[in-house]
Structures are given as structure tokens and as C-alpha cells.
1. Would you please give the FRET efficiency between Asn211 and Ser129, computed as 1/(1 + (r/R0)^6) with r the Cβ-Cβ distance and R0 = 35 Å, to the nearest 0.05?
2. Using a Förster radius of 22 Å, what is the FRET efficiency between Leu219 and Ser180 based on their Cβ-Cβ separation? Nearest 0.05, please.
3. Find, among the trypsin sites (Lys or Arg not before Pro) in the range 136-218, those assigned to loop by DSSP (not H, G, I, E, B) with at most 11 other beta-carbon atoms within 10 angstrom.
4. Using a 7 Å offset from the Cα along the Cα-to-Cβ direction at both Leu187 and Val62, what is the distance between the two label points in nm, to one decimal?
5. Would you kindly give the portion of the calculated P(r) for the range 129-224 that falls above 18 Å, as a percent of all Cα pairs?
6. Using just the Cα positions, wrap the range 6-105 in a convex hull and report its mean projected area in square nanometres, one decimal place.
7. Once you charge only the Cβ atoms, +1 for Lys and Arg and -1 for Asp and Glu, what is the size of the charge dipole of the range 129-224 about its Cα centre, to the nearest 20 debye?
8. Contour minus end-to-end for Leu138 and Arg19, with contour as 0.36 nm per residue of separation and end-to-end as the Cα-Cα distance?
Amino acid sequence: MNSQLLRFGEFVLHPMQRRLSANGEPVSVGSRAFDLLLLLASHPGQVITNQQIVTAVWGKAVVDDANLRAQVSTLRRLLRDDQRDPKYISNVPGKGYCFIATVEGSEPLKSPPLPAPATTPAARIYGRSAVIEAISGLLDRTRFVTITGPGGIGKSTVARAVASARCGQYRDGVVTADLSQILDPSLVPTALATALAFPKRSENLVADIANFLLDKQLLFCWTAANTWSKAPHL
């Protein structure tokens, strides 16, 4: 349990006392809504998927999207937040939710780890086990691995198989991006930001994505065409 006070706007979140206050006055909040707020506020600026929220807040219970949306709506009412122009909780369509306000803590903010994102099992691949194992082994020794070769030999299939096999080894899961249709290298940062569900608009997107990734432990798997090689480096 996060023990520090979390301050955002006029609100203060007291994790140990399970209490929310606004301008010094207590705010009545239900148990699920409190857990959801604590989860989001403990990871400001980070998109948390619906499945991660359900796992962290409801555990193994079966929860549909309508229940989650209801809890988010409850939080928005308590925070007097506007869904169309949010100050605190932003919905990222097709991804999840992000706490977009600046959060200040009574001590340096240490976000608890998120549940690993759910993944879809990869299709079974025949005759590539040795290659997949070798590439996976390389990732234990180096941060960057490049798979090259002629088009159509299955590079992307192998890369996805490696990512699927290793997804449970990364705290923040696996992110995949298809850059093969991008012919202009200047568009690569935008594509990477989309894959990461990066919540901010920025004039220096490469630097801000790099800062966003500083405290993340994830595997970033992307496919790219052979027609360009001068994309900005992260």
C-alpha cells in the first residue's frame, strides 16, 4: 500500500487512512472508487489498460466494461471532472484511462507495479523454435536486437513469437508497433507514441517519449520497412 499523501488540484489522497479530502474537507468515496483513484493517481501520465485496472481493483472477479465505466463516472463526479475537457481522468479510446493531473507526494512518488497486461496467445509456429530461443537469449544479454533479411521470410512472425514468449518477464508488458507502412522517418515518433498510448502532445516528442520510458520495464517490438534508416533514435 502506498503510504504517502498524493496531492492534485484541490484534493489530497490519504492511502493509509483510505481517505480523500478537498480543501481540507472529507469527500465520501466508495471502496472500489477509492482503489481506482489510488491506482490512477499513483501512475500519473501513464495509460493503464482496462484489464490492468480490473486486475488491480477487482482481483479475479469477473467485471464487465459497464461496471468499470460506472466507477470512473463516480470518480469524475467526486472530482468535479468533465469528460469532454478532463482535468484529472482522461479516457484513451481502445486502451484505458490516464491520470493527467500533476501529482505531488509527501515523499518522492514511487509507483507500485501494475499488473502485467493481458496478452493474446501467439499462433503456433513450426520449425522456428531454435531461432526464437536464440533471439530470446540475445535479449538477456543486450537491450537491442535487430532481425534482418529478405522480405517474406517471416521476420515479423518470429519477432511477435519472441515478444509473446517473453511478455511475462517485463513489469510493464510488451508494446508492438507496425512501422512498415511509414515511408517518412519523421513520422516514426508519432507512430511510437500511438503504440505507447503516450498521452501528451509535445514539441519534442522524441525527448518526451524517452523520459516517459525512463521508469518503464517493457519490451518494445516494432517492424519496419527496409526503405528508410534515418528515423530519430530513442
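1. That gives a FRET efficiency of 0.40.
2. Efficiency computed from Cβ-Cβ geometry: 0.75.
3. Loop-located and lightly packed - Arg141, Arg143, Arg201.
4. 4.3
5. For the range 129-224, the fraction of Cα-Cα distances above 18 Å is 51 percent.
6. Mean orientational projected area (the range 6-105, Cα hull): 6.1 nm².
7. 160
8. Between Leu138 and Arg19, full extension yields an extra 38.1 nm.
Any read-out appearing in this document is the output of simple, stated calculations on the displayed coordinates, not a laboratory observation. It should be emphasised that the depicted structure is a prediction, and the values quoted were computed from it without experimental measurement. Cβ sites come from the backbone with ideal geometry, for glycine too, and all protein chains shown count toward neighbours.
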